[in-house]
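Undergrad: The structure follows.
The values are calculated or read from the model by the stated rules, or taken from the named source; none is laboratory data. What you see is a predicted model; the values in this text were computed from it and never measured. Here Cβ is always computed from backbone atoms with ideal geometry, including for glycine, and neighbour counts include all displayed protein chains.
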Amino acid sequence: MSEIFGIPTQALFGQLLIGLINGSFYALLSLGLAVIFGLLNIINFAHGAQYMMGAFCAWFLLNKLGVGYWWALLLVPVIVGATGVVIERVMLSRLYQLDHLYGLLLTFGLALIVQGLFRNEYGSTGLPYSMPKELEGGRNLGFMFLPNYRAWVIVASLAVCLGTWFLIEKTKLGSYLRAATENPQLVRAFGVNVPRMITLTYGFGVGLAAFAGVMAAPIYSVNPLMGEHLIIVVFAVVVIGGMGSIMGAIITGFVLGLVEGLTKVFYPEASNTVIFIIMAIVLMIKPTGLFGARR
Amino acid sequence: MSLGGRTLGVIAALALAAGGAHAQISDGVIKVGVMNDQSGTYADLAGPGSVVATRMAVEDFGAAKKGLKVEILVADHQNKPEVGSSIARQWYDVDKVDLILDVPTSSVVLAVNQVTREKNKALIVSTGATVDLTGKACSPNAIHWTYDTWSLANGTGTAVVKSGGNTWFFLTADYAFGHSLEQQTEAVVLKLGGKVLGKVRHPFPSADMSSFLLQAQTSKAKIIGLANAGADTINAIKQGAEFGIVKGGQQFAGLLVFLTDVHSLGLDKAQGLFLTEAFYWDLNPQTRAWSQRFAKLHKGAMPTMAQAGVYSAMLHYLKAVEAAKTDDGPKVIAKMKEMPSEDPVFGKGQVRQDGRHIHDMYLFEVKKPSESKGPWDYYKVRATIPADQAFRPEKEGGCPLVK
Amino acid sequence: MATTVSAMAGSLPRAQSSLHQRVAFLVMVAFFAIGPLVIYPLFLMKVMCFALFACAFNLLLGYVGLLSFGHAMFLGTAGYVAAHTAKAGLTVGGFKFLGASVPVLLQLPPFNPEFAVLFGAAAACLLGIVSGLIAIRRQGIYFAMITLALAQMVYFFCVQAPFTGGEDGIQAVPRGKLFGTIDLSDVTAMYVTVFVIFISGFLLIYRIIHSPFGQVLKAIRENEARAVSLGYDVDRYKLLAYVLSATLSGVAGATNALVFQLAALNGVYWTMSGEVVLMTLLGGLGTVFGPAAGALVLLSIENYLALLGSWVTIAQGCIFVACVLTFRRGIVGELGRALKKSL
């Protein structure tokens, strides 16, 4: 058996694949952040809380209403996205004429409230969410045993990421969105309802977080703090990718998943830190991030 | 981050001190502070349930009838040492607390132990696991009641190696508690002729264990030892099922698993798991009767060993206060060491000079779903570890109190 | 006490301070001087440490307009360094690096408290220079994100580094003898020490704000481009303000570690960074007394809600939302507006 740095190649492949799976979550979450940041210029600190809400919403649908995983995958983003729409209308929309930092502080406050409330209600041990029947089991790839659900995570996440990218970069709707970030007055003059577009964009970004939450529910325990630990890492991913860059967020998400996976093999203790180290290096060399434009 | 301590008091039992019989009780009332995690990772296995257990002990002791006034305070230390030590200071300085009880999380235990010694009060730990409390950090003001990392490592390690699980791979939470659990188990495994094929230290906490599980899988070790706790253990077992670890012929050994963890995992995923505990509700008629009373007061949840330990410890503390006729910290602790303990939960026991309470420990195996008769029917007893073998020998701890 | 108080009020620079600011200062000094008679002294010491932390933070956010979301790294690092040097002294070398063992180059016995605090502050200063050089090049949200991520790196370092004691932290830190003579294990002595540190730090910040340097900072906040066109080296000014803020935060963190005889991970965690933002916002951004008032109010709320665990976070969240939506001037800012005075 061939080896690389003392690690059998087969094991290495396995680890890379697992890194890719984690990267799928990073990509989904940083994509949502990038979409929101791109149009609203707000760092959505509540993104982790909304991811957690997605998972809880799926749990609630299954255990209280008997609605299964596949429907949850469709319904939850809409439900949680709707709460995002309310937040944007009631609170965020009042802050646009102010410094963007207020948006960050507001969403930070919201995240604290949501996480606190869920912790009060559900404790923090975590709730079990059973895997959909269709995706149980797995297959032996020779170098590792790949559970079907994990394979599905990669496929679904890639599809959603690329779909979003296509929507924003290649369609007419997307071109309005991009134009609205550059020059809202002009776009309004074309008869586009800019405030509504902004509201829906925020809702869409939140929906992406909730989608990631549903994807996570069967493999990680559904737990009020599940977003808190993840969100800071995802922020780093967004900073590395270049804030507001859609493709940057997707690619960086997957790549950093891979890098983190490798770290887990060679120096597991550092696997939480490696992303931040990369971030510091990237910022020193290219302050706008890998794919970011100068702002 | 909060100073804590100015807590709402829960008056458990009120009675006027009769005559001068209890003249040595400071302010005429015994104040007990239950300090634990009320809302975080350890809230389910100790948390509000420990308060219920404390209150039951006060009732069962018959404090009111004996003319003793006992007041229970509660605080949430959020598993942060600086919060715990602030609360302890304020409790001792301002609220005149006589005893601090329960205290999960090793780091907080050591911090509170420090303050207790400085203020010369009393501390009884049930949920905290650090073996240092009866080793280099031992104090005439502290007793460690229910279990410690050594007893877990010894119980589970010995049983698993003897039943043929002689090659191990450790999944260790990368902090002091995880390290000490891993080292102590490794020592047991090696002593019995087993082999450790590898170990991986994962950041704490880790939502995703798959990478580490994969490393465990490639190691081909028969046993994967989980030197972690709470959500990390649950995640590892859950994701282990997903990656076909148990189906592939490997087995998990949970080094710190509580009843509530098994409840959260479900038997489907937890079946076959070996674990060591000091208490299980379905051990004998007394434990059953007591646990059912407890469950009625605690949303139907059966007690964990941590909560049972709080009850047992509190009962013994009150007996010692009665016998010593004082609530002065070190005097009561000394009395507790002098008197043998006995209660319906832990049976007979004794407190050693180093502050270690010793009693039988049990090795359990988690039942298959088909064997379970209903909710909370989770364990079958595989072995009883007698009190004199269940804990680290007094001489090995390096406690200065042991002559 | 009365004479010292009036002497301190006199030490406010006369030319720049208005009467109402001196009155407010006297009220604050009197509160902390008389406070321990009624309020638990340990709590007040904590309030003073965090008030200093918040004032230092405000120097950056209120007067330069830079929101750092990683200020906990200075508080926490200084706490660790002060606790370590006060407990174990300082050893340089004597470890193994890449297989080669480095000999012990320098070994010092446990530090006196004043040196421990100074050393802690120096560590924060150094960290401020390094992180500042990276972060200062960006503004606004970018700056916030970068400081947050840098602080997270420091956090993980503290989890791993052997000298921090991991999640146990550094416990049983001796308070020691100030200048080798005054025993700080006495509550009064410790209280007076913290009081003096807080008031000196506060006055220093006041001086900085009202100095020509402070005027340039405000000019940068109002219009960076104009400041550049006037020939100011904006980045240098920003870096200096950042490092000053970091160092003073370090003083607060080091003092706090001595008071509680403990340095733990919580001090470097990002929630602590959020907390100082909240204190400043609640008290009043860019006001002289706001951060101290915010620290007092927030810590009192937390103290009161401590039993209820997660209610603390909920309360914090609600205050954040309320401040941002309706109360952007903060307590002192609103008060100043009502009185038509700047406080």
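Undergrad: Among the residues of segment A:7-17, are any farther than 24 Å from residue A:202 by Cα, among the β-branched types (Val, Ile, Thr) and in contact with a helix residue (DSSP H, G or I) (Cβ under 8 Å, 6 or more places away or on another chain)?
TA: Yes, that holds for at least one residue.
Undergrad: Which members of segment B:162-202 meet the condition of being small (Gly, Ala, Ser), closer than 20 Å to residue B:385 by Cβ and not in a loop (DSSP other than H, G, I, E, B)?
TA: B:180, B:187
Undergrad: Mind listing whichever residues of segment C:161-195 are under 21 Å from the mean Cα position of the chain (by Cα) and either assigned to a helix (DSSP H, G or I) or of a type in the set (Val, Ile, Thr) (or both)?
TA: Answer for segment C:161-195, where residues must be under 21 Å from the mean Cα position of the chain (by Cα) and either assigned to a helix (DSSP H, G or I) or of a type in the set (Val, Ile, Thr) (or both): C:164, C:170, C:173, C:190, C:191, C:192, C:193, C:194, C:195.
Undergrad: List the number of the failed condition for residue B:384; all other conditions in (1) without any contact (Cβ under 8 Å) to a residue 40 or more places away in the chain; (2) over 30 Å from residue B:270 (Cβ atoms); (3) of a type in the set (Val, Ile, Thr) hold.
TA: With respect to (1) without any contact (Cβ under 8 Å) to a residue 40 or more places away in the chain; (2) over 30 Å from residue B:270 (Cβ atoms); (3) of a type in the set (Val, Ile, Thr), residue B:384 is out only on (2).
Undergrad: I would also like to ask the following. Condition check: out of contact with any strand residue (DSSP E or B) (no Cβ under 7 Å at 6 or more places or on another chain), within 14 Å of chain B (Cβ to nearest Cβ), in contact (Cβ under 8 Å) with a residue 12 or more places away in the chain and crowded, with 24+ Cβ neighbours inside 10 Å. Does residue A:54 satisfy that?
TA: no
Undergrad: Give the residues of segment C:244-263 that are of a type in the set (S, T, N, Q) and either touching a His at 6+ places or on another chain (Cβ under 7 Å) or assigned to a helix (DSSP H, G or I) (or both), sorted by residue number.
TA: Selection gives C:245, C:247, C:249, C:255, C:256.
Undergrad: Then there is this: Tell me, yes or no, whether segment A:244-257 has at least one residue that is within 14 Å of chain B (Cβ to nearest Cβ) and within 17 Å of the chain's Cα centre (by Cα).
TA: Yes; the residues of segment A:244-257 include at least one that is within 14 Å of chain B (Cβ to nearest Cβ) and within 17 Å of the chain's Cα centre (by Cα).
Undergrad: Something else about it: Assess whether residue A:19 counts as being at pLDDT 90 or above, small (Gly, Ala, Ser), buried (at least 17 other Cβ atoms within 10 Å of the Cβ) and under 13 Å from the mean Cα position of the chain (by Cα).
TA: Criteria not met by residue A:19.
Undergrad: Looking only at segment C:279-292, which residues are surrounded by 24 or more Cβ atoms within 10 Å (Cβ to Cβ) and aliphatic (A, V, I, L, M)?
TA: Listed by number, the residues that qualify are C:279, C:281, C:282, C:288, C:292.
Undergrad: A follow-up question, please. Going by the structure shown, is residue B:159 outside any helix (DSSP H, G or I), surrounded by fewer than 24 Cβ atoms within 10 Å (Cβ to Cβ) and touching a residue at least 12 places away in the same chain (Cβ under 8 Å)?
TA: Taking the combined requirement at face value, the residue does not satisfy it.
Undergrad: Kindly check whether there is at least one residue in segment A:97-115 that is touching a Pro at 6+ places or on another chain (Cβ under 9 Å) and within 24 Å of residue A:219 (Cβ to Cβ).
TA: Yes, segment A:97-115 has at least one match.
Undergrad: Those residues that are assigned to a loop (DSSP other than H, G, I, E, B), among the hydrophobic types (A, V, I, L, M, F, W, C) and closer than 15 Å to residue B:86 by Cβ, I need them from segment C:15-53; list them, please.
TA: Narrowing segment C:15-53 to residues assigned to a loop (DSSP other than H, G, I, E, B): C:15-18, C:38-40.
With the extra rule that they be among the hydrophobic types (A, V, I, L, M, F, W, C), the set shrinks to C:15, C:38-39.
Listed by number, the list holds a single entry, C:39.
Undergrad: Please go through segment C:136-158 and pick out each residue that is among the aliphatic types (A, V, I, L, M) and either within 8 Å of chain A (Cβ to nearest Cβ) or not in a helix (DSSP H, G or I) (or both). Reasoning before the result, please.
TA: First, the residues of segment C:136-158 that are among the aliphatic types (A, V, I, L, M): C:136, C:141, C:144-146, C:148-151, C:153-154.
C:136, C:141, C:144, C:145, C:146, C:148, C:149, C:150, C:153 - these are the residues of segment C:136-158 that are among the aliphatic types (A, V, I, L, M) and either within 8 Å of chain A (Cβ to nearest Cβ) or not in a helix (DSSP H, G or I) (or both).
Undergrad: Those residues that are under 30 Å from residue C:318 (Cβ atoms) and among the basic types (Lys, Arg), I need them from segment A:104-155; list them, please.
TA: Matches in segment A:104-155: A:119 only.
Undergrad: Quick one: in segment B:83-108, of everything that is touching a helix residue (DSSP H, G or I) at 6+ places or on another chain (Cβ under 6 Å) and within 18 Å of residue B:131 (Cβ to Cβ), which residue is surrounded by the most Cβ atoms within 10 Å (Cβ to Cβ)?
TA: Only one residue fits best here, namely B:102.
Undergrad: Here is a further query. Do we have residue C:132 as within 14 Å of chain A (Cβ to nearest Cβ), assigned to a helix (DSSP H, G or I), buried (at least 19 other Cβ atoms within 10 Å of the Cβ) and not aliphatic (A, V, I, L, M) here?
TA: Criteria met by residue C:132.
Undergrad: Restricting to segment C:316-343, name every residue that is under 20 Å from residue A:113 (Cβ atoms) and assigned to a helix (DSSP H, G or I).
TA: Across segment C:316-343, the qualifying residues are C:316, C:317, C:318, C:319, C:320, C:321, C:322, C:323, C:324, C:325, C:326, C:330.
Undergrad: For the structure I just gave you, tell me whether residue A:13 is within 14 Å of chain B (Cβ to nearest Cβ), out of contact with any strand residue (DSSP E or B) (no Cβ under 9 Å at 6 or more places or on another chain), assigned to a helix (DSSP H, G or I) and surrounded by fewer than 24 Cβ atoms within 10 Å (Cβ to Cβ).
TA: Here the answer is yes, as residue A:13 does meet what is asked.
Undergrad: Given the options A:274, A:239, A:255, A:282, name the one that is touching a residue at least 60 places away in the same chain (Cβ under 8 Å) and not hydroxyl-bearing (Ser, Thr, Tyr).
TA: It is A:255.
Undergrad: Could you please give the count of residues in segment C:165-187 that are more than 14 Å from chain B (Cβ to nearest Cβ) and surrounded by fewer than 19 Cβ atoms within 10 Å (Cβ to Cβ)?
TA: 7
Undergrad: Just to be sure I understand, how many residues within segment B:354-382 are in contact with an Asp or Glu (Cβ under 8 Å, 6 or more places away or on another chain), basic (Lys, Arg) and within 23 Å of residue B:234 (Cβ to Cβ)?
TA: Residues that pass the stated criteria total 3.
Undergrad: Take the residues in segment A:90-108 that are surrounded by fewer than 21 Cβ atoms within 10 Å (Cβ to Cβ) and at pLDDT 90 or above, then tell me which one is nearest to the other protein chains (Cβ to nearest Cβ).
TA: A:91
Undergrad: So, one more: Can you name the condition, by its number, that residue B:220 falls short on among (1) surrounded by fewer than 22 Cβ atoms within 10 Å (Cβ to Cβ); (2) at the interface with chain A (Cβ under 7 Å from one of its Cβ atoms)?
TA: (2)
Undergrad: Additional query: Going by the conditions given, is residue C:67 touching a residue at least 12 places away in the same chain (Cβ under 8 Å), not in a helix (DSSP H, G or I) and not acidic (Asp, Glu)?
TA: Criteria met by residue C:67.
Undergrad: Something else about it: Quick one: which residue in C:249, C:273, C:310 is surrounded by 23 or more Cβ atoms within 10 Å (Cβ to Cβ), modelled with pLDDT of 95 or more and either of a type outside the set (Val, Ile, Thr) or on the phi > 0 side of the Ramachandran plot (or both)? I'd like the intermediate steps shown before the answer.
TA: On the way: C:273 fails: modelled with pLDDT of 95 or more; C:310 fails: modelled with pLDDT of 95 or more.
So the residue among C:249, C:273, C:310 that is surrounded by 23 or more Cβ atoms within 10 Å (Cβ to Cβ), modelled with pLDDT of 95 or more and either of a type outside the set (Val, Ile, Thr) or on the phi > 0 side of the Ramachandran plot (or both) is C:249.
Undergrad: Continuing with the same structure: Just give me the residues in segment B:44-78 being free of Cβ contacts under 8 Å to residues at least 24 places away in the same chain and crowded, with 24+ Cβ neighbours inside 10 Å, in sequence order.
TA: Keep residues of segment B:44-78 that are free of Cβ contacts under 8 Å to residues at least 24 places away in the same chain, which gives B:47, B:62.
If the condition is that a residue be free of Cβ contacts under 8 Å to residues at least 24 places away in the same chain and crowded, with 24+ Cβ neighbours inside 10 Å, then B:47 is the only one that fits.
Undergrad: A follow-up question, please. Is there a residue being more than 30 Å from residue C:24 (Cα to Cα), without any contact (Cβ under 8 Å) to a residue 60 or more places away in the chain and more than 16 Å from the chain's Cα centre (by Cα) anywhere in segment C:244-264?
TA: For segment C:244-264, residues more than 30 Å from residue C:24 (Cα to Cα), without any contact (Cβ under 8 Å) to a residue 60 or more places away in the chain and more than 16 Å from the chain's Cα centre (by Cα): absent.
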